[in-house]
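> To start, I am sharing the structure in question, which I have written as structure tokens.
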Amino acid sequence: MIIYCKNIVTEQGIIDGYLNIEDGKISDVIRKERLEMRPDLNYGDNVIIPGVFDTHNHGYKGWDPGEKENGVRHVRGYVKALASAAVTSIFPTVTDEDGAFANVLAVMKEDPNGARIMGIHSEGPYLNRVGEKGIDTGHPDIDLDAIQKMIDDGEGQLRLLALAPELPLSKEAIRLLNKNGVRVAFAHSNQTYEEAMESFRDGITVITHTANVMSGLHHRNMGGLGAALLNDDVYNELICDGLHVRNEMIEIIMRVKKDAFHKIMMISDNVHLGGLKPGRYNGVFGVCNITEEGFSLTDTGRLAGSAKPVLFGMKNLVQNMGIPLEKACVMASLNPAEVYGFADRKGSLRVGKDADFAVIDKDFNCLYTYREGRKIFDHETDGDLLNPDAESYRIG
């Protein structure tokens with residue numbers, strides 16, 4: 001299959017040319033100036049980007065991969081809905097309670113008509129800081145036996161576990177997870193700069209949604225955020241919607257973090273209410289308000305995950321901050337593939353890799369998504385992909 005597009009984002013830059021796809025892989029990338037071909041599909045003046053690899057995502061369009069009832073149905077609906085946001089690779093973010101790992105693994109072993117599940121991310125349950133406007137209800141104590149059960153239940157697919165490293169037994173937990181090939185993330189933590197730096201030396205290598213739910217920057221107290229930016233070895237998740245982190249702070253992060261465009265991984269942190277119309281809903285943290293601008297907030301005003309996909313964050317970076325599309329694609333696709341060991345086949349448009357890509361218009365609307373050469377989303381035929389039960393979450 002030969003696909004033409006005037007704007008194809010490759011590792012060598014944006015080209016006017018063709019993707020040749022054979023057996024689900026990219027067999028050639030050809031510049032139009034070098035050779036004119038007769039394409040099977042012509043996407044004209046639109047843009048082809050590498051498929052998004054979202055490693056921190058709790059749900060989308062009413063589908064909740066952590067749902068205990070009809071869990072497999074939710075996971076299937078979830079990966080299909082994600083395809084409408086240009087996502088081709090995903091770590092469902094679930095904890096092990098109520099059999100969520102088993103549901104994710106069941107769909108992972110299928111060939112779903114949606115994003116490919118590449119592993120599991122567990123944000124917690126061992127978290128501490130609640131952030132601004134939050135209500136501290138305490139935290140669970142780290143249980144090493146429970147962590148071992150999570151590792152076992154994950155069947156080798158638990159890729160990331162996020163915890164607050166100030167909690168007792170965190171060092172032992174980090175060692176146990178690292179020994180079993182699981183990366184550990186710094187998350188929801190009250191640690192100081194010095195304490196955070198020590199935690200990184202203990203084996204933490206990822207920062208959960210950088211700047212959110214951690215002690216912030218002050219000129220006499222650099223906080224966890226200061227450590228996350230000044231440590232050259234850790235990788236930084238970042239929500240780039242301009243809401244969770246103001247664009248001015250995103251710019252500071254980009255300027256301060258050494259080799260930022262290779263150390264930052266764009267994430268959505270979507271909750272299952274993401275993609276729904278503005279309103280009041282029953283959510284993960286109780287009543288949740290999805291606002292017109294795209295916030296997901298509790299009644300106290302606390303941020304409760306995100307309602308916007310990575311593609312929205314890419315639009316913000318490119319259109320509002322002037323970051324080149326090629327660099328946004330590296331942060332949204334290639335960096336997570338490299339960090340988690342999938343860059344030999346995922347994350348960029350290069351000969352020999354899986355044909356994972358999305359066709360978007362100039363305003364970052366997803367038109368078509370392909371995973372391994374197979375079309376998994378078509379805006380003309382797939383509709384909005386909302387969970388038909390989603391309206392029941394609405395309050396009033």
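The values are calculated or read from the model by the stated rules, or taken from the named source; none is laboratory data. Since we're looking at a predicted model, the values are computed, not measured. We place every Cβ from the backbone using ideal geometry, glycine too, and count neighbours over all the protein chains shown.
> Taking Phe357 and the conditions (1) aromatic (Phe, Trp, Tyr); (2) within 22 Å of Leu273 (Cα to Cα); (3) crowded, with 20+ Cβ neighbours inside 10 Å, which numbered condition does it fall short on, given that it satisfies the others?
Every condition holds for Phe357 apart from (2).
> Moving on. How many residues, within the range 219-255, are in contact (Cβ under 8 Å) with a residue 40 or more places away in the chain and of a type in the set (S, T, N, Q)?
Residues that pass the stated criteria total 1.
> Which is in contact with a Phe, Trp or Tyr (Cβ under 7 Å, 6 or more places away or on another chain), of a type outside the set (Ser, Thr, Tyr) and assigned by TED's automatic domain parsing to the domain that holds Phe91, of Met331, Met321? Lay out the reasoning, then the answer.
Details: Met321 fails: in contact with a Phe, Trp or Tyr (Cβ under 7 Å, 6 or more places away or on another chain).
Answer to the check: Met331.
> Which ones in the range 113-146 are at pLDDT 75 or above and farther than 29 Å from Phe53 by Cα? Spell out how you get there, then give the answer.
Taking the range 113-146 as the starting set, the residues that turn out to be at pLDDT 75 or above are 113-128, 139-146.
Those that are at pLDDT 75 or above and farther than 29 Å from Phe53 by Cα: His139, Pro140, Asp141, Ile142, Asp143, Leu144, Asp145.
> If I ask for residues that are surrounded by fewer than 21 Cβ atoms within 10 Å (Cβ to Cβ), within 15 Å of Cys240 (Cβ to Cβ) and out of contact with any Asp or Glu (no Cβ under 8 Å at 6 or more places or on another chain), which ones from the range 294-324 would you list?
Phe295, Val318, Gln319, Asn320, Gly322, Ile323, Pro324
> May I ask you to verify whether Asn282 is within 13 Å of the chain's Cα centre (by Cα), polar (S, T, N, Q) and assigned by TED's automatic domain parsing to the domain that holds Glu67?
Against the criterion (within 13 Å of the chain's Cα centre (by Cα), polar (S, T, N, Q) and assigned by TED's automatic domain parsing to the domain that holds Glu67), Asn282 does not qualify.
> Only one residue in Val9, Val29 is in a strand (DSSP E or B) and either of a type in the set (Ser, Thr, Tyr) or out of contact with any helix residue (DSSP H, G or I) (no Cβ under 8 Å at 6 or more places or on another chain) (or both), so which one is that? Lay out the reasoning, then the answer.
Details: Val9 fails: either of a type in the set (Ser, Thr, Tyr) or out of contact with any helix residue (DSSP H, G or I) (no Cβ under 8 Å at 6 or more places or on another chain) (or both).
The unique qualifying residue is Val29.
Residues checked against (1) buried (at least 20 other Cβ atoms within 10 Å of the Cβ); (2) modelled with pLDDT under 95:
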site	(1), (2)
Leu41	no, no
His56	yes, no
Glu67	yes, yes
Ala86	yes, no
Phe91	yes, no
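> Here is a further query. Kindly establish whether Thr95 is part of a loop (DSSP other than H, G, I, E, B) and closer than 30 Å to Asp143 by Cα.
Working: part of a loop (DSSP other than H, G, I, E, B): yes; closer than 30 Å to Asp143 by Cα: yes.
Criteria met by Thr95.
> Something else now. Looking at this structure, is Gly373 under 23 Å from Leu41 (Cβ atoms), touching a helix residue (DSSP H, G or I) at 6+ places or on another chain (Cβ under 9 Å) and at pLDDT 95 or above?
No; evaluated as a whole, the condition is false for this residue.
> Then there's this: With in the same structural domain as Lys327 (by TED's automatic domain parsing), of a type outside the set (Lys, Arg) and farther than 27 Å from Glu198 by Cβ as the only criterion, which of Asp269, Asp241, Asp259, Asp233 stands out? Lay out the reasoning, then the answer.
Values: Asp269 fails: farther than 27 Å from Glu198 by Cβ; Asp259 fails: farther than 27 Å from Glu198 by Cβ; Asp233 fails: farther than 27 Å from Glu198 by Cβ.
Every option except Asp241 fails the conditions.
> Pick from the range 158-204 the residues that are polar (S, T, N, Q) and touching a residue at least 40 places away in the same chain (Cβ under 8 Å): which of them is surrounded by the fewest Cβ atoms within 10 Å (Cβ to Cβ)?
Just the residues of the range 158-204 that are polar (S, T, N, Q), to begin with: 170, 178, 180, 189-192, 199.
Next, only the ones that are touching a residue at least 40 places away in the same chain (Cβ under 8 Å) stay: 170, 189-190.
Details: Ser170: 20, Ser189: 30, Asn190: 16.
Ranking the candidates gives Asn190 first.
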